[in-house]
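Shown next, in structure tokens, is the structure this report addresses.
The values are calculated or read from the model by the stated rules, or taken from the named source; none is laboratory data. Given the structure is predicted, the values throughout are model-derived calculations rather than measurements. Positions of Cβ are generated from backbone atoms using ideal geometry, with glycine treated the same way; all protein chains shown enter the neighbour counts.
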Amino acid sequence: MSTCDLTWCVNTGSWEELLAALQLPENRAEIAKFASGASYLHQPTGVEYTLMRQDDREKVFQLIANILATQEPMSTIGITVEEYIRYILGLFASTTYLPYTIVFKSGNEIVGAYLTNDHHTRQLPALDQMSQDQLAFFQKAAPHIEIGTRAACVDPSPEASGRVINGYSDAIREDFRGKGIGRYGNAIRMALAYHLGFNLIFRICDNESSVMSGRRYFENGHMVLYESIEIGGVKPYQGLKGGKVCQFRHLNPRL
């Protein structure tokens, strides 16, 4: 596999610094290499950043589900690892994602991934086309869908923002957290989205650590508190502190 140097990218401290760095031809050449499949090894952490390959899919999806389905807020509403893979990542797999999803590796191990897709390639199944199992799952996941929809209030909306890239699901293995890996991943993801000509990038954060990993590069939307969600007179997140926050950045102004 060919390599590239994105040290200039991960060493930026803000969107403004990243944008300025992206104007330099030598830096644009390096992010172009990454977009074409080259990998970047961050020497201080020993973590390699690459675009996801099709043959990584099963391992990446399993890792994401093992992390996100077993912690709040997913565990609060009883979403299982198997359901997360089958339904939530099943929807993701029907979109265009391989050119945008970043995988984090330590040696031969996958230790994290930022699942990212072209927002406008998503195809939500119509209710009358769902199986009974699908209907049952989406009823169970109604709180997750409701709070995510309420949090994703970007002005202008993703539907009116031209080309939109979406941070769908982000996860890093616990023993690799606290090393800046998530922040570096967000810098690379944003540089890639800018290079590829997207107009807007957004992601929904489930917790404070997720917000912190993107705070240098994204703007924060308002927080929707978990305890504010009520479905059929029931508050499924009762007692769960915090909430979801949409982070976004308008990258390339529409002409």
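Key figures for this structure:
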{"quantity": "Residue in segment 225-243 that is of a type in the set (S, T, N, Q), at pLDDT 95 or above and within 20 Å of THR12 (Cβ to Cβ) present", "calculated": "no"}
{"quantity": "The one condition in (1) in a helix (DSSP H, G or I); (2) farther than 22 Å from LEU251 by Cα that ALA171 fails to fulfil", "calculated": "(1)"}
{"quantity": "Among the residues listed as ALA193, ALA187, the single one being out of contact with any strand residue (DSSP E or B) (no Cβ under 6 Å at 6 or more places or on another chain) and touching a residue at least 24 places away in the same chain (Cβ under 8 Å)", "calculated": "ALA187"}
{"quantity": "Hits in segment 123-145 (condition: touching a residue at least 40 places away in the same chain (Cβ under 8 Å) and outside any helix (DSSP H, G or I))", "calculated": "ALA141"}
{"quantity": "Selection status of SER94, without any contact (Cβ under 8 Å) to a residue 40 or more places away in the chain and either polar (S, T, N, Q) or under 14 Å from THR7 (Cα atoms) (or both)", "calculated": "yes"}
{"quantity": "The listed residue being polar (S, T, N, Q) and within 21 Å of ALA32 (Cα to Cα), out of ASN207, ASN220, ASN166", "calculated": "ASN166"}
{"quantity": "Positions within segment 43-72 being under 18 Å from ARG177 (Cβ atoms) and either among the hydroxyl-bearing types (Ser, Thr, Tyr) or out of contact with any Ser or Thr (no Cβ under 8 Å at 6 or more places or on another chain) (or both), in sequence order", "calculated": "PRO44, THR45, TYR49, LEU63, ALA65, ASN66, ILE67, THR70, GLN71, GLU72"}
